[in-house]
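The values are calculated or read from the model by the stated rules, or taken from the named source; none is laboratory data. On a predicted model such as this, the values are computed, not experimentally measured, just so you know. Every residue, glycine among them, receives a Cβ derived from its backbone with ideal geometry; neighbour counts consider all protein chains shown.
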Amino acid sequence: MTTVIQRSAPEYPARLGTTPQPPPVLFVRGAVPLPAADLVVAIVGARAASSHGMEVAGRLAGELAQAGAVVVSGGALGIDSAAHRGAIDGGGATVAVLAGGLDAPYPARNLPLFDEIVERSGALVAPEPPGTRPLPRLFVARNAVIAGLCDAVVVVEAEATSGSLHTARAALRFGRLLAAVPGTPGCEALLVQGAAVVESAADLMAARAGRPRQPNARLPEPGSREAQVLAVLDGKSPSTGAIVAARSGLGLREATRALAGLELEGLALAVPGQAYLRSPLAERLRAGAG
């Protein structure tokens, strides 16, 4: 049975209602457990996930479920499925947000999982009416709904062009806590940009308390080429290699090599125009050193 929840209804998820332009209607199968939850966490990531990524997603979801959190994901294969399964096995409720209509949930391979989600006091949620095919553009909108329903978003595995990064960007727009599991290009990029490191429920709770776990990085040795270059980089105004060389007093080749090393360490961000910024991670390390 499908329930239709209007934006004006008291049952409409309050977290989602605070976002810009929330869906005017939600189509729901099951009982949405979000209003009573003190903590709602999205766990998302690659469809073609590694066995390690699946294990991390399932374990994290299980730990969060045991702590009383509701786990939200997108119902897809890979990390999403592992998150839903981990929450169920942990004795908690989980919500799958779908890109198409509830009458033909995608992917069909997950129909048994979708049924179990509903049977275990969770819900399937769709911002589109029955009969809607899961077209590519709807997945981006679906990802924004996932972020809007939650207090925090954890990306477990992601390539540099992963759709999960749409969820991450929505989390930042909505002011949600953003975290990532180290080890894949998309997640490493999020960590460089300031996402908290999360590999366990304890990590997430610490991040919520204002004590986020940081990547294992350190400032370059004083007096090194990297330290000279980092000192002249700005966190808001990009600098090309030539500008960095001129400001640091290094040759262009030395400055370029130092920039490459800083980028690998997550201390510099490459931006369009062959330019660089000092990363948020470097800003935090410098503040801590001071």
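For the condition in contact with a helix residue (DSSP H, G or I) (Cβ under 8 Å, 6 or more places away or on another chain) and farther than 15 Å from Arg213 by Cα, what is the one hit in Leu177, Leu149?
Details: Leu177 fails: farther than 15 Å from Arg213 by Cα.
That would be Leu149, the only listed residue that is in contact with a helix residue (DSSP H, G or I) (Cβ under 8 Å, 6 or more places away or on another chain) and farther than 15 Å from Arg213 by Cα.
Does region 267-278 include one or more residues that are farther than 16 Å from Glu221 by Cα, small (Gly, Ala, Ser) and buried (at least 16 other Cβ atoms within 10 Å of the Cβ)?
Taking region 267-278 and keeping what is farther than 16 Å from Glu221 by Cα, we get 269-278.
Next, only the ones that are small (Gly, Ala, Ser) stay: 270, 273, 275.
Adding the requirement that they be buried (at least 16 other Cβ atoms within 10 Å of the Cβ) leaves 275.
There is at least one residue in region 267-278 that is farther than 16 Å from Glu221 by Cα, small (Gly, Ala, Ser) and buried (at least 16 other Cβ atoms within 10 Å of the Cβ).
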- Pairs returned, first residue in region 64-91 that is under 11 Å from Leu39 (Cα atoms), second residue that is among the acidic types (Asp, Glu) and surrounded by fewer than 24 Cβ atoms within 10 Å (Cβ to Cβ), beta-carbon separation under 9 angstrom, 6 or more apart or interchain, are Ala65/Asp89; Gly68/Asp38; Ala69/Asp38; Ala69/Glu63; Ala69/Asp151
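Counting just the residues of region 214-249 that are surrounded by 19 or more Cβ atoms within 10 Å (Cβ to Cβ) and among the hydrophobic types (A, V, I, L, M, F, W, C), which one comes out farthest from Val192 (Cα to Cα)? I'd like the intermediate steps shown before the answer.
Of region 214-249, the ones surrounded by 19 or more Cβ atoms within 10 Å (Cβ to Cβ) are 220, 225-226, 228-230, 233, 239, 241, 244-245, 248.
Subsequent filtering for residues that are among the hydrophobic types (A, V, I, L, M, F, W, C) retains 229-230, 233, 244-245.
Working: Val229: 18, Leu230: 15, Leu233: 15, Val244: 20, Ala245: 23 Å.
The selected residue is Ala245.
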- Note on the structure: Among (1) within 18 Å of Val153 (Cα to Cα); (2) out of contact with any strand residue (DSSP E or B) (no Cβ under 8 Å at 6 or more places or on another chain); (3) modelled with pLDDT of 95 or more, Pro23 falls short only on (1)
- Item | Complete set of residues in region 1-34 that are surrounded by fewer than 16 Cβ atoms within 10 Å (Cβ to Cβ) and out of contact with any Lys or Arg (no Cβ under 9 Å at 6 or more places or on another chain) | Val4, Gln6, Arg7, Ser8, Ala9, Pro10, Glu11, Ala14, Thr18, Gln21, Ala31
- Task: Kindly indicate whether any position in region 258-273 is within 27 Å of Glu159 (Cα to Cα), within 30 Å of the chain's Cα centre (by Cα), outside any helix (DSSP H, G or I) and of a type in the set (Asp, Glu).
- Result: yes
- Task: Restrict the check to region 45-62 and report whether at least one residue is of a type outside the set (Gly, Ala, Ser), surrounded by 23 or more Cβ atoms within 10 Å (Cβ to Cβ) and outside any helix (DSSP H, G or I).
- Result: no
- Among the residues of region 72-81, is there at least one that is under 13 Å from Leu113 (Cα atoms) and assigned to a helix (DSSP H, G or I)? yes
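Of all residues in region 231-241, which are touching a helix residue (DSSP H, G or I) at 6+ places or on another chain (Cβ under 6 Å) and either among the β-branched types (Val, Ile, Thr) or more than 9 Å from Leu277 (Cα to Cα) (or both)? Reasoning before the result, please.
Taking region 231-241 first, the residues touching a helix residue (DSSP H, G or I) at 6+ places or on another chain (Cβ under 6 Å) are 232, 235, 241.
Answer for region 231-241, where residues must be touching a helix residue (DSSP H, G or I) at 6+ places or on another chain (Cβ under 6 Å) and either among the β-branched types (Val, Ile, Thr) or more than 9 Å from Leu277 (Cα to Cα) (or both): Val232, Gly241.
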- Matching residues in region 158-200 - criterion: being surrounded by fewer than 22 Cβ atoms within 10 Å (Cβ to Cβ), in contact (Cβ under 8 Å) with a residue 24 or more places away in the chain and part of a helix (DSSP H, G or I): Leu165, His166, Arg173, Pro185, Gly186, Glu188, Ala189, Val192
